[in-house]
Amino acid sequence: MAQEKPLTEAIPLDGQALSLRGYEQAGGYQGLRRALREMTPQAVQEEVKKAGLRGRGGAGFPTGMKWSFVPMGSDVPRPKYVIANADEMEPGTFKDRYLMEGNPHQLIEGLILAAYATQADVAFIFIRGEYRLAQERLARAIAEAHTAGYLGKNILKSDFALEMILHVSAGRYMCGEETGLLNALEGKRANPRSKPPFPPVAGLWGKPTTVNNVETLVNVPHIIAKGFTWYQGLSRSKDYGTKIYGASGKVKRPGLWELPMGTTIREILEEHAGGMREGLRFRGVLPGGASTDFLVEEHLDVPMDFLEVQKAGSRLGTGTMIVLDDRTCPVGMTSNLIHFFAQESCGWCTPCWSGLNWAKQILAAMEAGRGKPVDIDKLSFQTKFLAPGNTFCALAPGAAEPLQSALKYFREDFERHIREQRCPWK
């Protein structure tokens with residue numbers, strides 16, 4: 001039996017977007033019809049909880065539980081909001097772009113269901129500024145959904161109403177952080193907010209707000225249409241459903257694949273990405289985008305799910321792998337990543353703006369042949385300085401992950417840079 005691929009099977013192979021008619025013929029908006037005709041908002045939340053859907057943006061928080069934190073009832077402050085986080089600026093990550101460009105109505109239906117489950121009045125799609133094609137296709141799909149009665153007042157002749165707005169981000173990695181995104185939507189600088197209060201209670205303009213990643217939301221229509229038991233059966237893991245996995249770097253076939261949750265790193269790299277390019281050898285991988293810890297050859301048979309990747313010493317993150325080969329300098333690769341994170345820091349807290357810039361300068365000096373023996377200890381200290389609990393948001397702790405793991409697995413490469421006063425790969 002062929003593996004089901006609910007998130008991607010309807011995406012046209014010619015690079016065009018699936019039309020509203022094509023989406024409906026593929027079963028689209030059936031989940032919304034079922035929810036509005038047969039289910040209360042609480043029942044939708046419960047179905048998603050039972051399905052075990054966890055956030056696909058990096059944190060992996062249970063989606064149904066997140067929705068349950070939103071206060072319900074007639075005395076709750078209005079309007080309430082739901083937001084699709086489509087900022088996708090994590091280096092090495094491009095899964096949400098594929099989903100939005102290929103099947104925009106799938107995201108729209110998922111966002112409508114999230115709004116119904118939390119009784120929200122307004123929905124936003126907060127999209128990365130560079131995603132021009134996705135913006136065009138989503139804007140067209142939103143207009144189609146309005147015309148067809150899936151948005152606006154009395155959706156499908158029910159009492160539920162929802163307006164949906166496409167908001168183009170002004171840019172910066174920080175806009176993808178949940179509370180930085182809220183500030184950006186309000187027209188402010190994208191700094192993180194202190195928590196509590198948390199967004200489900202006091203989010204956009206102080207009102208109850210739910211923020212979910214694009215891939216998370218596109219799972220919801222299928223769960224509601226087909227049920228949690230079906231959804232759990234798609235997986236090879238205790239983390240349920242399918243996952244959009246990706247691979248970039250010097251593999252033969254970089255790209256994206258929808259596979260059962262729990263597919264191993266080895267299978268993704270060897271069977272789907274085609275293995276390493278001729279003459280190159282695998283050295284390591286960032287399993288979930290740039291802000292995750294390196295894993296190495298001993299971890300190739302680790303299942304790509306939240307629990308098993310964590311046991312191996314990293315995070316599933318976005319599930320899109322960046323592969324390191326034996327002809328690429330791990331110090332240079334780490335330096336490039338730290339440069340990006342230092343550049344994208346909002347400057348709100350000292351460990352992030354100061355620590356990342358310090359680490360950036362040390363790594364640049366190593367690459368230029370000016371490294372000193374004490375630099376390795378300084379970098380090791382920085383990974384502790386940037387650790388969780390020391391910063392307002394997860395940017396700096398995430399940036400520390402490739403650095404701390406590079407020092408662990410590729411320490412000889414750092415020492416060789418210092419000993420030879422040059423980058424051996426140049």
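With a Förster radius of 35 Å applied to the beta-carbon distance between Thr350 and Arg327, the computed FRET efficiency rounds to 0.40. In order along segment 175-182, the Karplus-derived 3J(HN,Hα) couplings, from 6.51 cos²θ - 1.76 cosθ + 1.60 at θ = phi - 60°, round to 5, x, 6, 3, 7, x, 4, 4 Hz, and Gly and Pro are given as x. Please say if segment 87-195 is rounded, prolate or oblate, where rounded means a/c under 1.5 for a ≥ b ≥ c the square roots of the C-alpha gyration tensor eigenvalues, and otherwise the choice is prolate for a/b larger than b/c and oblate otherwise? Oblate shape, in that a/c is at least 1.5 and b/c is the bigger or equal ratio. Connecting C-alpha atoms closer than 10 Å in a GNM of the chain, tell me which of Pro397, Pro91, Pro196 has the biggest fluctuation. Most flexible of the set in this elastic network: Pro196.
Rounded to the nearest 0.05, what FRET efficiency do Phe61 and Glu420 give with R0 = 30 Å and r taken as the Cβ-Cβ distance? Could you check? Before the final figure, lay out each step's value.
Details: r = 45 Å, r/R0 = 1.50.
For R0 = 30 Å, the calculated efficiency reads 0.10.
What is segment 20-232 by shape, rounded, prolate or oblate, if you read a ≥ b ≥ c off the alpha carbon gyration tensor as root eigenvalues and call it rounded for a/c under 1.5, prolate for a/b larger than b/c, and oblate otherwise? Rounded, since a/c falls under 1.5.
Placing +1 on the Cβ of each Lys and Arg and -1 on the Cβ of each Asp and Glu in the chain, which of Gln30, Ala273, Thr320 has its Cα farthest towards the positive end of the resulting dipole? In the chain, that residue is Thr320. The C-alpha atoms of the chain define a longest principal axis, and helix 214-226 lies at about 40 degrees to it.
Taking a point 7 Å out from the Cα of Asp14 in the direction of its Cβ, none of the residues of segment 94-110 has a backbone N less than 12 Å from it.
With the charge dipole of the chain set up from +1 on Lys and Arg Cβ and -1 on Asp and Glu Cβ about the Cα centre, the Cα lying farthest toward the positive end among the listed residues Leu53, Leu181, Cys329 is that of Leu181.
The angle between the Cα long axis of helix 411-420 and the longest principal axis of the Cα atoms of the chain comes to about 40 degrees, rounded to the nearest 10. Think of each Lys and Arg Cβ as +1 and each Asp and Glu Cβ as -1; about the Cα centre, that makes the dipole of segment 242-325 roughly 260 debye. Between Gly241, Gly233, Gly15, find the one with the highest GNM mean-square fluctuation for the chain; connect C-alpha pairs within less than 10 Å. Among Gly241, Gly233, Gly15, the largest GNM mean-square fluctuation belongs to Gly15. Dipole magnitude for the chain: computed about the Cα centre from +1 point charges on Lys and Arg Cβ and -1 point charges on Asp and Glu Cβ, it is near 540 debye.
Scanning residues 5 or more positions from Gly249 or on other chains, those with amide H under 5 Å from its amide H are Val323, with H placed 1.01 Å from N in the peptide plane. Taking every DSSP bridge with both residues inside the chain, close to 40 percent are antiparallel. Of Glu415, Glu271, Glu101, which is the most mobile in a GNM of the chain whose springs link Cα atoms less than 10 angstrom apart? Evaluated over the chain, the most mobile residue of the options is Glu271.
Separation of the alpha carbons by more than 21 angstrom is noted, of Lys80/Lys153; Lys195/Lys408; Lys66/Lys238; Lys360/Lys426; Lys50/Lys195, for Lys195/Lys408; Lys50/Lys195. Label positions at Arg253 and Thr147, each projected 7 Å from the Cα along the C-beta direction, are separated by 3.8 nm.
Ranking Val214, Ala43, Leu407 by Cα position along the charge dipole of the chain, where only Lys, Arg, Asp and Glu carry charges on their C-beta atoms, puts Leu407 farthest toward the positive end.
Apply the a/c threshold of 1.5 to the C-alpha gyration tensor of segment 305-426 and tell me whether it is rounded, prolate or oblate. Present the calculation step by step, with values, prior to reporting the outcome.
Details: a/c = 1.88, a/b = 1.23, b/c = 1.53.
The shape class here is oblate.
Between the alpha-carbon centers of segment 192-207 and segment 123-157, tell me the distance in whole angstrom. So the two Cα centres are separated by 25 Å.
Note on Lys384: aspartates and glutamates with a C-alpha under 13 Å away, same-chain residues under 8 apart excluded, are Glu401.
Charges were assigned to the Cβ only: +1 to each Lys and Arg, -1 to each Asp and Glu. The resulting dipole of segment 330-420 about its Cα centre is roughly 160 debye.
With respect to the chain, whose longest principal axis is taken over its alpha-carbon atoms, helix 41-51 is tilted by about 40°. Scan around Phe124 for amide H atoms under 5 Å from its own, H built in the peptide plane at 1.01 Å from N, and keep only partners 5 or more places away or cross-chain. Amide H to amide H, under 5 Å and 5 or more residues apart or across chains, Phe124 pairs with Val82, Ile83, Ala84, Ile165.
Between Ala368 and Val168, take the C-beta separation as r, use R0 = 51 Å, and let me know the FRET efficiency to the nearest 0.05. Could you put the intermediate results ahead of the total?
Numbers: r = 38 Å, r/R0 = 0.75.
Efficiency, from the Cβ-Cβ distance: 0.85.
Averaging sequence separations of C-alpha pairs under 8 Å and six or more residues apart, then dividing by the length of the chain, give the relative contact order as a whole percent. Kindly include the intermediate steps, with their values, before the conclusion.
On the way: 867 pairs, mean separation 66.7, N = 426.
Relative contact order, the chain: 16 percent.
No lab work stands behind these numbers, since they all come straight from the coordinates. Because the structure is predicted, anything quoted here is derived from the model rather than measured. Ideal geometry is used to build each Cβ from the backbone, glycine not excepted, and the neighbour counts take in all protein chains shown.
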